[in-house]
Amino acid sequence: MYTIKNDYIDKNKYSRPGKKLSSISGIVIHWTKNWDKGATALANRNYFNNLDVINRNRIEEGEDPIFASAHEIIDRKQIVQAIPLDEVAYHLSYDDTLHYNPNIVTKFGVPNYNFLAIEVVPINALGEMHKKTYMNLLYRTYDLLRFADITTKRLFLHNDFTGKNCHKFFVEFPEKWQEFKQTLHNWFINER
Ligand SMILES: [Zn+2]
């Protein structure tokens with residue numbers, strides 16, 4: 001099993017608005033796009049927490065602020081829960097309306113208000129995961145599906161909503177994404 005640490009980021013308008021989720025219609029998997037040595041789940045959580053400061057500088061420089069967060073971030077050592085599971089995270093753009101696959105919106109409503117987000121730390125530019133990271137993701141996704149009382153049909157990639165190449169490895173190797181979902185599906189069946 002995995003180690004999970006609750007380390008909630010401070011409420012702020014860029015990464016933890018403190019709004020409640022309407023429901024949990026599904027789980028969305030992302031990659032952090034950072035495979036540097038220090039790019040751990042905790043470092044990613046700290047980045048979300050620091051967006052307030054980062055954006056103050058960006059705005060001073062005349063740049064647009066960044067809105068970003070996820071409920072949980074997973075690396076090979078642990079899972080960090082950065083946002084409580086009943087609150088909104090900004091993982092599918094922040095304005096809640098732009099650039100979504102309209103079929104998904106019709107089916108599930110406004111994505112940020114209806115989905116849990118998991119960020120996964122890769123080991124390289126392909127988006128491949130360390131074996132332990134992969135297992136953490138597998139076990140954690142299983143538990144979150146059970147928590148939300150939904151099936152593997154409600155598992156999505158960021159790519160399904162906006163066409164973004166995220167989670168890169170699963171987008172570019174769709175057979176691996178199928179295999180991931182099939183493994184979870186089999187676990188559910190064996191449990192019955
Ligand atoms: Zn993403």
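The values are calculated or read from the model by the stated rules, or taken from the named source; none is laboratory data. Everything numeric in this text was worked out from a predicted model, so none of it was measured. We place every Cβ from the backbone using ideal geometry, glycine too, and count neighbours over all the protein chains shown.
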_Testing Trp35 on (1) assigned to a loop (DSSP other than H, G, I, E, B); (2) over 22 Å from Asp143 (Cβ atoms); (3) more than 16 Å from the ligand (Cβ to nearest atom); (4) at pLDDT 95 or above, one condition comes back false. Which one is that?_
(3)
*Is the range 114-129 home to any residue that is of a type outside the set (S, T, N, Q), in contact with a Gly (Cβ under 8 Å, 6 or more places away or on another chain) and at negative phi?*
yes
*Complete set of residues in the range 137-160 that are under 18 Å from Lys33 (Cα atoms) and of a type outside the set (A, V, I, L, M)*: Phe156, His158, Asn159, Asp160
*Search the range 110-135 for residues being under 19 Å from Ser69 (Cβ atoms) and either small (Gly, Ala, Ser) or part of a helix (DSSP H, G or I) (or both), and hand back the single one that is modelled with the highest pLDDT.*
Ala117
*Which of the residues that make up the range 148-180 are away from the ligand (no atom under 14 Å from the Cβ), surrounded by fewer than 16 Cβ atoms within 10 Å (Cβ to Cβ) and under 16 Å from the mean Cα position of the chain (by Cα)?*
none
*Any idea which of Pro122, Pro111 is farther than 18 Å from Tyr47 by Cα and buried (at least 17 other Cβ atoms within 10 Å of the Cβ)?*
Pro111
_Selection within the range 55-82 - assigned to a helix (DSSP H, G or I) and either under 18 Å from the mean Cα position of the chain (by Cα) or surrounded by 14 or more Cβ atoms within 10 Å (Cβ to Cβ) (or both)_ = Asn55, Arg58
